[in-house]
Amino acid sequence: MATTTAPPEPAAPADIPPPSLRQRLLSGSTLGPLAALIIACAFFSLRTDRFLTGGNFSLIIQQVMVVGTLAIGQTLIILTAGIDLSNGAIMALSSIVMTRLAVHSGVPPLLALLIGLAVATAFGLANGLLVTRVPLPPFIVTLGMLNIAFALTHIYSQEQTVTGVPSLLTALGNTFTLGDTDITYGSIVTIGLFLLFAYLLGQTAWGRHVYAVGNNPEAARLTGIPTNRVLVGVYATAGLVYGIAALLSVARTGVGDPQAGQTDNLDSITAVVLGGTSLFGGRGTVLGTLIGALIVGVIRNGLQLIGVASIYQTLITGILVILAVTIDQVSRRRSR
Amino acid sequence: MTPAHAQPVMEARGLVKRYGQVTALDGADFELLPGEVLAVIGDNGAGKSTLIKALTGAIVPDSGEIKLDGQVVHFRTPIDARRHGIETVYQDLAVAPALDIASNLFLGREQRRSGVLGTVFRMLDKPAMRRRAAQQMAELKIGLRSLTQAVENLSGGQRQGVAVARAAAWAEHMVIMDEPTAALGVKESGQVLDLIRRIRDRGLPVVLISHNMPHVFEVADRIHVQRLGRRVAVVKPDEHSMSEVVAVMTGALTIDASDQAVVVDQEAATAAGVRPTGKE
Ligand SMILES: Nc1ncnc2c1ncn2[C@@H]1O[C@H](COP(=O)(O)OP(=O)(O)O)[C@@H](O)[C@H]1O
Ligand SMILES: [Mg+2]
């Protein structure tokens, strides 16, 4: 049975089998989402030879880059059994702040960028403080913050798209060539962020505490984890990540767009859920979220390539979301 | 084994805790001696859990004094008590079910790698934690195939084992367990009682809150009987019968200064199955 060399077994009988493949598939691991992604890729590869090319994959990553980055922050928050409806609006506000300061107020681009990141972080921090100190349910706090950030974006931008953005703020839209594929620096930043947070969640005490707070907050508190500090940290960190998403969004479109990100809150939740993270908190991975974002991107791109109307992409995404949440529910009930 | 007048590991005098109109603790005393298993019994609402919470910093009593090794202490949070080497196994276990066994054992006290990996990259030392966890589980003879199992995949007794092992691993002073066998079957309860004895044999005193008289009589060195917010008696299981102790718990008997059971309410005492002793 045992394939690894384990430490000496205790004398008492061992009567728990290791988790079966089926249990693992059902327990929020990334295997299920990965299988779905591979099946989608295989399907589109068979239908059109324009799908499986380096250029097309680079395009898919660019298309999911902004939502994917927002979904990193969303994953952190959902792991703590929260939800963030405000991330798209915070991103839009941050992108308007950085571009307007640079273009209309003569602020040096680097400073404008830092202020934009700080604004996003501050909104995340405010979410975290309201969730822990008042305390209020994350759904309500971030619903309020969605409206506040949305309104501020439109007030501050005067409904104007900011053009003539300095090159520093669009630099991540530039590309380099690998083989014969053009890759944007923004794609690299996004992938880098996913890897960074995979490390932080999987290999550090902070990550353990995030899972514990989401899984059983009372147990976390009793074992001495500063649960409120962990939560505030998660929301503020998510805010900073939304600021980076704002920079990516500016880089991708070349402008500061007050209309940006309006459905990104729900799209980021979709990516998180498709990636196998439980909405009940405490289970899931950020690499799962990357896979979830890619599933949405691959389906959208693939259906476009084979000429299916875009409304079917939405239909399929909806079905997949319900399927993913069903799997989560069923696995929770089984593990009770 | 314990000298009669050994300094108590923990001692409390006159603890009072009110919740609005309800007086949960009404001047309760408490005393835990080195190396003993002390059972705390009492009816529902007698104030057992409140007493334990006061001793472990989960609540702050309105008045009264708590001494640890003869020194007055003021615990404000469970973390304060833990810093003093007091570990509690809560009734609902306080584990994170989705995390694995080793992670639960080290929850809140994770170990980092040595060198830059630990200091700069804050990397967990998973192999070391797993090794330590395996050693701990082996010492307590808790049989588990793999420490990378999520706790939710374990049986009730094994989960209890994880919670007890965590307490035993970190306790330097004492271990407190609130109803550790309440949710378990016969065989699993027996395993937990064995665990309690093994912890005591390592030299750590154990406080066991329980409803289950046979379990109490099986492992306890002394029994603290709590009634209406006070300690009404401390008895030795080999000096009094189970039905006498139950009668003390319900107020039908009291224990006098010379350790004799005195009937207060004959009807209730008879109902509790105490045979007339002639001494009234
Ligand atoms: N947080 C609380 N708020 C109000 N009343 C409480 C609280 N905790 C305990 N009590 C009351 O204090 C009394 C003692 O409770 P408790 O210590 O839980 O007893 P036991 O554990 O012996 O059953 C009960 O009457 C209970 O209702
Ligand atoms: Mg109780």
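Nothing in this text is a laboratory measurement; each read-out follows from the coordinates by a stated rule. No experiment lies behind these values; they were computed from the predicted model shown. Every residue, glycine among them, receives a Cβ derived from its backbone with ideal geometry; neighbour counts consider all protein chains shown.
Among rounded, prolate and oblate, which fits segment B:1-155 when a ≥ b ≥ c are the square roots of the eigenvalues of its C-alpha gyration tensor, a/c under 1.5 means rounded, and a/b larger than b/c means prolate?
Judged from the Cα gyration tensor, segment B:1-155 comes out prolate (a/c at least 1.5, a/b above b/c).
With the cut-off at 28 Å, report for segment A:21-329 the share of all Cα pairs above it, as a whole percent.
On the way: 18411 of 47586 pairs.
Roughly 39 percent, once rounded to a whole number.
Sorted from fewest to most neighbouring beta carbons within 10 Å, what does the list B:MET129, A:MET145 look like? Write down the numbers at each step before the final one.
Values: B:MET129 19, A:MET145 22.
If I rank by nearby Cβ atoms, fewest first, I get B:MET129, A:MET145.
Could you give the length gained on full extension between A:THR263 and A:THR161, defined as 0.36 nm per residue of separation minus the Cα-Cα distance, in nm? Walk me through the intermediate numbers first.
Working: separation 102, 0.36 × 102 = 36.72 nm, distance 1.81 nm.
Value of the extension gain: 34.9 nm.
List every residue whose amide H lies under 5 Å from the amide H of B:VAL262, counting only residues 5 or more places away in sequence or on a different chain, with H placed 1.01 Å from N in the peptide plane.
B:THR254, B:ILE255, B:ASP256
Might you report the magnitude of the Cβ-based charge dipole of segment A:21-329 about its Cα centre, with Lys and Arg at +1 and Asp and Glu at -1, to the nearest 20 debye? Don't skip to the end; give the middle numbers.
Details: 12 positive and 10 negative charges, 117 e Å.
My answer is approximately 560 debye.
On alpha carbon coordinates alone, what is the Rg over Rh value for segment B:70-113, Rh being the Kirkwood radius?
1.06
Given +1 on the Cβ of Lys and Arg, -1 on the Cβ of Asp and Glu, and no further charges, what dipole in debye does the protein assembly as shown carry about its Cα centre, rounded to the nearest 20? Mind showing how you got there, number by number?
Working: 49 positive and 45 negative charges, 240 e Å.
Here the size comes out at about 1160 debye.
Ignore the peptide's own chain and count Cβ atoms of other chains within 10 Å of each Cβ in A:198-205; give me the average, rounded. Write down the numbers at each step before the final one.
On the way: counts 0, 3, 2, 0, 2, 8, 6, 10.
Whole-number average of other-chain Cβ neighbours for A:198-205 is 4.
Run through the DSSP bridge list for chain B and note the antiparallel percent, rounded to the nearest 5.
Working: 26 of 42 bridges.
Antiparallel bridges make up about 60 percent of those DSSP assigns within chain B.
Based on Cα positions only, what radius of gyration and what Dmax would you give for the protein assembly as shown, in angstroms?
My reading of the Cα-based Rg and Dmax gives 30.0, 103 Å.
Write down the percent of antiparallel bridges among all DSSP beta bridges whose residues are both part of the protein assembly as shown, to the nearest 5.
Values: 31 of 47 bridges.
In the protein assembly as shown, approximately 65 percent of DSSP beta bridges are antiparallel ones.
Reachable lysines from B:LYS236, Cα under 19 Å, same-chain residues fewer than 8 places away excluded?
Those lysines meeting the cut-off are B:LYS48.
Using alpha carbons only, how many degrees (0 to 90, rounded to 10) separate the axis of helix A:227-253 from the longest principal axis of chain A?
50 degrees
Assuming a ≥ b ≥ c are the square roots of the Cα gyration tensor eigenvalues, decide whether chain B counts as rounded (a/c under 1.5), prolate (otherwise, with a/b larger than b/c) or oblate.
Cα axes put chain B in the prolate bin.
Checking understanding here: applying a Kyte-Doolittle mean of at least -1.0 and a length along the axis of at least 20 Å (C-alpha), which whole DSSP H helices in chain B pass?
Helix filter hits for chain B: B:156-170, B:186-201.
Rg (Å, one decimal) plus Dmax (Å, integer) for the alpha carbons of segment B:87-195?
When restricted to Cα atoms, segment B:87-195 yields Rg and Dmax of 14.4, 50 Å.
From zero outward in steps of 5 Å, how is the percent of C-alpha pairs of segment A:59-194 spread across the bins?
Pair shares across the bins are 2, 10, 16, 19, 19, 16, 11, 5, 2, 1, 0.
In debye to the nearest 20, how big a dipole does chain B give about its Cα centre with +1 on each Lys and Arg Cβ and -1 on each Asp and Glu Cβ?
Working: 33 positive and 33 negative charges, 291 e Å.
Dipole about the Cα centre, nearest 20: 1400 debye.
Would you mind checking which residues have amide H under 5 Å from A:LEU85's amide H? H placed 1.01 Å from N; only 5 or more apart, or other chain.
Those qualifying (amide H under 5 Å, at least 5 residues apart or on another chain) are A:THR142, A:LEU143.
Can you pull the mean other chain C-beta count within 10 Å for peptide B:136-145?
On the way: counts 0, 4, 6, 1, 2, 3, 2, 8, 6, 11.
Partner-chain Cβ atoms within 10 Å, mean over residues of B:136-145: 4.
Looking at B:THR119, B:GLY190, B:GLY47, which one has the Cα that reaches farthest to the positive end of the dipole of segment B:10-238 (charges on Cβ: Lys, Arg +1; Asp, Glu -1)?
B:THR119
For the protein assembly as shown, with the dipole built from +1 on Lys and Arg beta-carbon atoms and -1 on Asp and Glu ones, taken about the Cα centre, which of B:ALA6, A:LEU146, A:ALA81 lies farthest toward the positive end?
The residue sitting most towards the positive pole is A:LEU146.
Of B:ILE101, A:VAL232, A:THR175, whose Cα points farthest to the positive end of the dipole of the protein assembly as shown (charges on the beta-carbon: +1 Lys, Arg; -1 Asp, Glu; origin at the Cα centre)?
In the protein assembly as shown, that residue is A:THR175.
Give me the log10 of I(q) over I(0) for segment A:234-336 at q = 0.16 Å⁻¹, as the Debye formula computes it from C-alpha points; what are the numbers?
-0.85
Go ahead and set up a Gaussian network model of chain A, Cα springs under 10 Å, then flag whichever of A:VAL119, A:VAL308, A:VAL210 fluctuates most.
Among A:VAL119, A:VAL308, A:VAL210, the largest mean-square fluctuation in the Gaussian network model of chain A belongs to A:VAL308.
Nearest 10 degrees, 0 to 90: what angle lies between the long axis of helix A:87-104 and the longest principal axis of chain A (Cα atoms)?
With rounding to tens, the tilt is 30 degrees.
Between helix A:54-79 and chain A, what is the angle of the helix's C-alpha long axis to the longest principal axis, kept within 0 to 90° and rounded to the nearest 10?
Computed tilt is about 70 degrees.
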